[in-house]
Amino acid sequence: MAQVAELIEMDEEQEEQEAQAETPAVKSAAKSKKDITALPGVGAATAEKLNIAGYTTMMSLAVASPGELVEASGITDAAARKLIKAARENMDMGFVSGEDVLKRRELVERISTSAGSLNTLLGGGVETGAITECFGEFGSGKTQIGHTLSVMVQKMDPASIVLYIDTENTFRPERIVQIAKGQGLDPEQILRNVKVARAYNSDHQMLLAERAEEMIAQQGINVKLIVVDSLTAHFRAEFIGRGTLAERQQKLNRHMHNLLRTADTHNVAVYVTNQVMSRPDVFFGDPTAAIGGHVVAHASTYRIYLRKGKKGSRVAKLIDSPNLPEAACAFFVEEGGLKDAA
Ligand code: GTP
Ligand code: MG
């Protein structure tokens, strides 16, 4: 550790010299309030390490934990604590009035699911600035909702971009085309604005989520929706057995918090899907439980439990919402999107 600290300090000295060679105008432009190199002790080398680890904005540092930073970038614990403190001071992360929170809530947009009953269940649609999790058995319609939202967000705002992280190779452009047509939209235009990335394992998936935040923060892309389908499949497949559970939950926790931070900082809707496992210990009620346990449950703002209903319908139940009553509704998956069960 000491060696790493020394290296960082040497880098900083070097960088200090480089910085002095720059013209003042260039320097002040580069060190805007949001730029992490404006923090004391963050030279180009440290900034690079932090960038690689996904900490590209002041906010991402301000809400990080020291352990997270140490693990991700190799800086010392003391350096990490100093950095977080400085970022927090810079961000003015004090208490805000309820009035300010309400003003922020006014910026929240709701993406229609194309089914009126499901929209009502969700208080108007899938919220920006929050994570909406949909869990349920195979074929229950989780992926279909992801596709539908990718189209509907563009019906709401034609300039919006969708980032779709596909872990199971179930993204189908053909479905996007069908739904776009069903909604009276230009399918080619809609497809152009859905940027898809295939995630090959859980690390790759986490990296893509961090990349998504970087793209939004640095390139100013108008991303309104991020889909992660499926959130838990890779984690479930890679971490097998009781002994690895703690590590899996830790990684999943970091992933969820990255997503939540992106949602919150950039007012983006995050839609994630999750499988269920059967619980042999449950004799009464529903013998299934969502994968990911409390980690996923707590980080998700809205949770929908989806199951197959009668006559090919789908039944959605809202669970644990901060501001909406627990309720259920039924709809059908159709070629042009979702449709209310009459
Ligand atoms: P897993 O990923 O396997 O856990 O399932 P999932 O919940 O993601 O299921 P998905 O969203 O893929 O739902 C698949 C189901 O949607 C199919 O069994 C069909 O019933 C339905 N579906 C998909 N496309 C269409 C379509 O074009 N028309 C109609 N009517 N139904 C469709
Ligand atoms: Mg699916």
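The values are calculated or read from the model by the stated rules, or taken from the named source; none is laboratory data. It should be emphasised that the depicted structure is a prediction, and the values quoted were computed from it without experimental measurement. Cβ sites come from the backbone with ideal geometry, for glycine too, and all protein chains shown count toward neighbours. Remember, those area values only see protein heavy atoms, side chains included, never the ligands or the DNA or RNA. Shrake-Rupley method; radii C 1.70, N 1.55, O 1.52, S 1.80 Å.
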Taking the Cα centroid of the range 95-122 and of the range 193-248, what is the distance between the two, rounded to the nearest whole Å?
24
Counting other Cβ atoms within 10 Å, which chymotrypsin sites (Phe, Trp or Tyr not before Pro) in the range 219-308 have at most 15 and lie in a DSSP loop?
F283, F284
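For the range 103-340, give the percent of accessible area contributed by carbon and sulfur heavy atoms, probe 1.4 Å, rounded to a whole number. The partial results should precede the final answer.
Values: 5770 of 10700 Å².
That share works out to 54 percent.
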Considering every pair of different Cα atoms, what Kirkwood radius, in Å, is found for the range 148-233?
13.2
Pairs over 30 Å Cα to Cα, from K224/K311; K103/K339; K103/K251; K103/K308; K85/K251; K49/K142, come to K224/K311; K103/K339; K103/K251; K103/K308; K49/K142
Relative contact order as a percentage, the range 33-111, C-alpha pairs under 8 Å and 6+ apart, gives 29
Give me the one-decimal nm value for the distance between modelled label points at E137 and K195, 7 Å along each residue's Cα-to-Cβ direction.
3.8
Over the range 137-258, what relative contact order in percent results from Cα pairs under 8 Å that are six or more residues apart?
32
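Loop-only check: which chymotrypsin sites (Phe, Trp or Tyr not before Pro) in the range 42-146 are DSSP coil with at most 12 other Cβ within 10 angstrom?
On the way: sites: Y55, F95, F135, F138; in loops: Y55, F95, F138.
Those satisfying the criteria are F95, F138.
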Tell me, what is the FRET efficiency for N169 and K311 to the nearest 0.05, using R0 = 35 angstrom and their Cβ-Cβ distance as r?
0.75
Sorted on mean Cβ neighbours within 10 Å (highest first), peptides 97-105, 202-210, 224-232 come out as 224-232, 202-210, 97-105
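Which value in deg cm²/dmol, rounded to the nearest 500, describes the helix-derived mean residue ellipticity at 222 nm for the chain, given -39,500 (n - 2.57) per DSSP H run of n ≥ 4 and division by the residue count?
Calculated from helices alone, the mean residue ellipticity at 222 nm is -14500 deg cm²/dmol.
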Taking every C-alpha to C-alpha distance in the range 199-342 and binning by 10 Å from 0, the per-bin percentages run 10, 34, 35, 19, 2, 0
Could you do me a favour and compute the accessible area per residue for the range 266-336, 1.4 Å probe, result in Å²?
53
Could you tell me the calculated FRET efficiency between R211 and E71, based on Cβ-Cβ distance and R0 = 25 angstrom, to the nearest 0.05?
0.85
The computed P(r) of the chain puts the percent of Cα pairs beyond 24 Å at 59
Test of understanding: express the Cα radius of gyration of the range 284-325 as a ratio to 2.2 N^0.38 Å, with N the residue count.
1.32
Sequence gap at least 6, Cα distance under 8 Å: using those rules, report the relative contact order of the chain to the nearest whole percent.
19
Using the basic label-point model (7 angstrom from Cα toward the beta carbon), what is the D100 to A327 distance in nanometres?
3.3
